[in-house]
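Enquirer: Let me begin by handing over the structure; questions about it come next.
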Amino acid sequence: MELSQTSAFLLSLAIEGAAAAVLLFATRWSAPWRGALAAIAGTCITHPFVWHGVNAFADRWGYWSAVAVAEILAVVVEAIVWKFVAGLDWPRALVGALVANAASFGFGMAIYVLM
């Protein structure tokens, strides 16, 4: 059984928002709520492109190559959101976006394996 796009989107919002809040609480780089907001806003922007982009390019590039490209682009775009919403410098914004996306990707892979 596969998750629908809506289910995957809502799960991504919850996981990335929580991961961002925990990261910023632990590092004290910014207020945790700002990290959660940055992660949620970034995911709202990138999720549809990642979802459809992987499906569009998987046949041409292979599934895992399409996933890798989509995730890298998502982290870059979301880092921009982190920079301005969470008020972080560029390296920390990139780390925040990477951590949030890694958490979401990891949970997604675990769900895929278990389903």
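Enquirer: Can you confirm whether the stretch 58-66 contains a residue that is aromatic (Phe, Trp, Tyr), within 24 Å of Ser4 (Cβ to Cβ) and in contact with a Leu (Cβ under 9 Å, 6 or more places away or on another chain)?
Expert: No, the conditions are met nowhere in the stretch 58-66.
Enquirer: Another question about this same structure. Given the conditions (1) part of a helix (DSSP H, G or I); (2) surrounded by 15 or more Cβ atoms within 10 Å (Cβ to Cβ); (3) aromatic (Phe, Trp, Tyr), and given that Phe49 satisfies all but one, which numbered condition is not satisfied?
Expert: Just one mismatch for Phe49, condition (2).
Enquirer: Run down Ala14, Ala36, Ala56, Ala86 and say which single residue is within 29 Å of Met115 (Cα to Cα) and buried (at least 17 other Cβ atoms within 10 Å of the Cβ).
Expert: Ala36
Enquirer: Ser30 versus (1) of a type in the set (Ser, Thr, Tyr); (2) closer than 17 Å to Leu11 by Cα; (3) in contact with a Gly (Cβ under 6 Å, 6 or more places away or on another chain): which is the lone unmet condition?
Expert: Condition not satisfied by Ser30: (2).
Enquirer: To continue, here is another question. Working only within the stretch 89-101, note down all residues that are surrounded by fewer than 17 Cβ atoms within 10 Å (Cβ to Cβ) and in contact with a helix residue (DSSP H, G or I) (Cβ under 8 Å, 6 or more places away or on another chain).
Expert: Asp89, Trp90
Enquirer: Would it be correct to say that Leu88 is of a type in the set (A, V, I, L, M), farther than 22 Å from Thr6 by Cα and either without any contact (Cβ under 8 Å) to a residue 40 or more places away in the chain or out of contact with any strand residue (DSSP E or B) (no Cβ under 8 Å at 6 or more places or on another chain) (or both)?
Expert: The answer is yes for Leu88.
Enquirer: Would you mind stating whether Glu78 is out of contact with any Pro (no Cβ under 8 Å at 6 or more places or on another chain) and closer than 17 Å to Met109 by Cβ?
Expert: no
Enquirer: Within the stretch 1-46, can you find the residues that are among the aromatic types (Phe, Trp, Tyr) and either more than 12 Å from the chain's Cα centre (by Cα) or modelled with pLDDT under 95 (or both)?
Expert: Residues satisfying the conditions are Phe25, Trp29, Trp33.
Enquirer: Which of the numbered conditions does Asn55 fail, given that it passes all the others? Conditions: (1) at pLDDT 95 or above; (2) in a helix (DSSP H, G or I).
Expert: It fails just one condition, (1).
Enquirer: Of all the residues that make up the stretch 19-33, how many are crowded, with 18+ Cβ neighbours inside 10 Å and without any contact (Cβ under 8 Å) to a residue 40 or more places away in the chain?
Expert: Adding up the residues that qualify gives 2.
The values are calculated or read from the model by the stated rules, or taken from the named source; none is laboratory data. This is a predicted model, so every value here is computed, not measured. Positions of Cβ are backbone-derived with ideal geometry, glycine not excepted, and every protein chain shown enters the neighbour counts.
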